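A short write-up of the structure that comes next.
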């Protein structure tokens, strides 16, 4: 059964969230699960009420980390009986957007909509679902892991090459 | 570009390198502008692909209620069953092996299953005397007082009208006085909410109370609310506290702990 995108999003940032939170404090796996679940729900609420939107200067991952960090600090505050709480949404400041970078992202995003579907599939399975090449080969009915690896490599190189030209034409270089 | 360099870039961007490997790679990037260009270009492509998926996920989030999202991600936390072992060559033996596997695979209770163990008490122990509701006259949402709510809640509880307590809460849900009520009254209101399956409302009252400071029956209701939200660590610490207190909830708390702690064999 195909996972919903909400599940995919939830699973995508879970490992890095755990690593990030482990650096902040000594949390058990169960505590991390609770914290991540609570964080993800707050995140969804903020998406629903428009407090968080995707812009060129924002990142879902940083926002989740920010919420998690404040929830953790609030938890510590509660334990030490300090009652003042922090609302992560009020303390989240996105970085100042860099105009050229924003333009590059926009061009890349538009270009990505036009790529060959078979390339899109393999790149999404690798970069979004983070599947191993063996599993990708199985899902895409490719002969073996090496064939999948080669296909992904050729697609990425082709995309980067066309994208480079596009960016240069728009006056954007590295 | 070399193949292994491509893999290294992927590992770097997927945060799969150790701290030491990452530093070395970043030093290499500073020395080699062509490598840096490849990293930036790959990152751009990945970011665009991820952004595209996130946009779709956002649409899904906007069209899904928070309760539904909570259920979805709680299901994610449900432990995955052990993978079936390789089937032996002989079908008869294979069938036996599968049956044995199905019978003896490790099993972890979900919080839903723990909650279904009749954890909600039949009644609460509360000392009260009937108050005179008549002296409050007609009141509106804005003039409801903690004293008035306290008397009405206590009277309803005395008369076993749990649903009326919940209706009272619904009528005055907008009033901000609920958290100002004495703990005992908040506990009864939260109990009425739980009995009416309104766990979110109960959570809004109970989760703000300091477990260490409240009575064991209030702590017990808080444990139920935490289990409903699948916050196992929080539920576990309350259960441990109740075992330590040993004042009426010990056996039930131990039962919850057993199911939270142990993998059991079916």
Exercise. So is residue A:78 outside any helix (DSSP H, G or I) and modelled with pLDDT under 90 or not?
Worked result: no
Seminar exercise, completed: Taking region B:55-80 and keeping only residues that are more than 7 Å from every other protein chain (Cβ to nearest Cβ), over 18 Å from residue A:45 (Cβ atoms) and touching a residue at least 24 places away in the same chain (Cβ under 8 Å), one is left with B:78, B:79
Exercise. Is there a residue being touching a helix residue (DSSP H, G or I) at 6+ places or on another chain (Cβ under 9 Å), away from every other protein chain (no Cβ under 12 Å) and without any contact (Cβ under 8 Å) to a residue 24 or more places away in the chain anywhere in region B:2-9?
Worked result: yes
Exercise. Could you list, in sequence order, the residues of region B:210-228 that are within 11 Å of chain A (Cβ to nearest Cβ), in contact with a helix residue (DSSP H, G or I) (Cβ under 7 Å, 6 or more places away or on another chain) and surrounded by fewer than 24 Cβ atoms within 10 Å (Cβ to Cβ)?
Worked result: B:211
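Just the residues that are free of Cβ contacts under 8 Å to residues at least 60 places away in the same chain, at the interface with another protein chain (Cβ under 10 Å from one of its Cβ atoms) and under 25 Å from residue A:126 (Cα atoms), please, taken from region A:153-174.
Within region A:153-174, A:153, A:155, A:156, A:157, A:159, A:160, A:161, A:163, A:164, A:174 qualify.
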For this session: Could you please find all residues in region B:19-54 being within 12 Å of chain A (Cβ to nearest Cβ), exposed (fewer than 14 other Cβ atoms within 10 Å of the Cβ) and over 22 Å from residue A:165 (Cα atoms)?
Result: B:19
For this session: Sort out which residues of region B:192-236 are within 16 Å of residue A:34 (Cβ to Cβ) and over 16 Å from the mean Cα position of the chain (by Cα), and write them in order of number.
Result: B:211
Problem set entry | Given (1) crowded, with 17+ Cβ neighbours inside 10 Å; (2) touching a helix residue (DSSP H, G or I) at 6+ places or on another chain (Cβ under 7 Å), number of the condition residue A:139 does not satisfy | (1)
For this session: Sort through B:242, B:221 and tell me the only one that's closer than 24 Å to residue B:73 by Cα and either touching a strand residue (DSSP E or B) at 6+ places or on another chain (Cβ under 7 Å) or at pLDDT 90 or above (or both).
Result: B:221
For this session: For region B:229-244, enumerate the residues that are touching a helix residue (DSSP H, G or I) at 6+ places or on another chain (Cβ under 6 Å), buried (at least 19 other Cβ atoms within 10 Å of the Cβ) and at negative phi.
Result: B:231, B:232, B:234, B:235, B:236, B:238, B:239, B:242
Exercise. Can you spot a residue in region A:81-98 that is closer than 25 Å to residue B:234 by Cβ, surrounded by fewer than 16 Cβ atoms within 10 Å (Cβ to Cβ), facing chain B (nearest Cβ under 10 Å) and modelled with pLDDT of 75 or more?
Worked result: no
For this session: Select from region A:19-65 the residues that are facing chain B (nearest Cβ under 7 Å) and part of a helix (DSSP H, G or I) and list them in ascending order.
Result: A:30, A:31, A:33, A:34, A:37, A:40, A:41, A:44, A:45, A:47, A:48, A:60
Problem set entry | Test: residue A:29 is in contact with a helix residue (DSSP H, G or I) (Cβ under 7 Å, 6 or more places away or on another chain) and modelled with pLDDT under 90 | no
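The values are calculated or read from the model by the stated rules, or taken from the named source; none is laboratory data. No experiment lies behind these values; they were computed from the predicted model shown. Cβ: placed from backbone, ideal geometry, glycine included. Neighbour counts: every protein chain shown.
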